[in-house]
Amino acid sequence: MDYLLTLIVPVALAICVLYGNKNLGNQDAFMNKEFTRALKGACCIIVILVHIPLAYANKLQDGIGSFAYVCVTLFFIMSAYGMNISASRSPAYLRHFWRNRLSALLIPQLLVNLSVVVGFVLINIINGGVSQASLP
């Protein structure tokens, strides 16, 4: 049963990447934004499979995870390709790149941190106060 559940992930990835792209026969769609985004997502999921703790791993997961090094390389190659295309279309792209990326990363990170702190405070209030040693 464990292997069947693990097999769902690569089958779902194959369906999403191969059949999810409606432009399979269109040569202009090769390496476009939609196609590379789907491939980068598939690469990310395969890398996530490698980071599951060993206590929950199986041989199928290890086999899929052996492609993680290739997936990391593909992710960076496709990201660099997209940056190159964007920079060639708009010279101002690189000038605003860090500002756009930092705002896309820092704002959600701050919201998550704030919600975790509020959650801990609410748990402390509900439980009548928790000692410092029990906090992570």
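Between a residue in segment 93-109 that is modelled with pLDDT under 85 and any residue that is assigned to a helix (DSSP H, G or I), which pairs come within a Cβ distance under 6 Å, given they are 6 or more apart or on different chains?
As it stands, the answer is Tyr93/Ser86; Tyr93/Ala87; Leu94/Ala87, since those pairs meet every condition given.
Looking at this structure, is Asn21 modelled with pLDDT under 80, crowded, with 16+ Cβ neighbours inside 10 Å and more than 30 Å from Asp2 (Cβ to Cβ)?
So Asn21 passes the test.
Just name the residue that is farthest from the chain's Cα centre (by Cα) out of those in segment 66-113 that are closer than 26 Å to Leu49 by Cβ and among the polar types (S, T, N, Q).
Restricting to residues being closer than 26 Å to Leu49 by Cβ and among the polar types (S, T, N, Q), the top hit is Ser66.
Pairs under 7 Å by beta carbon, first residue aromatic (Phe, Trp, Tyr) in segment 1-13, partner surrounded by 11 or more Cβ atoms within 10 Å (Cβ to Cβ) and part of a helix (DSSP H, G or I), six or more apart or different chains?
Sorted first by the residue in segment 1-13, then by its partner, the pairs are Tyr3/Leu60.
In segment 63-97, which residues are surrounded by 13 or more Cβ atoms within 10 Å (Cβ to Cβ) and closer than 21 Å to Leu7 by Cβ?
Ile64, Gly65, Phe67, Ala68, Cys71
Residue under question is Ser79, and the condition is that it be of a type in the set (Ser, Thr, Tyr) and either in contact with a Leu (Cβ under 8 Å, 6 or more places away or on another chain) or in the same structural domain as Leu49 (by TED's automatic domain parsing) (or both); does it hold? First the steps, then the outcome.
Details: of a type in the set (Ser, Thr, Tyr): yes; either in contact with a Leu (Cβ under 8 Å, 6 or more places away or on another chain) or in the same structural domain as Leu49 (by TED's automatic domain parsing) (or both): yes.
Considered against the rule, which asks whether it is of a type in the set (Ser, Thr, Tyr) and either in contact with a Leu (Cβ under 8 Å, 6 or more places away or on another chain) or in the same structural domain as Leu49 (by TED's automatic domain parsing) (or both), Ser79 comes out as yes.
The values are calculated or read from the model by the stated rules, or taken from the named source; none is laboratory data. All figures in this text were calculated on a predicted structure; none of them were measured in a lab. Reconstructed Cβ throughout: ideal geometry from the backbone, glycine too, with neighbour counts over all protein chains shown.
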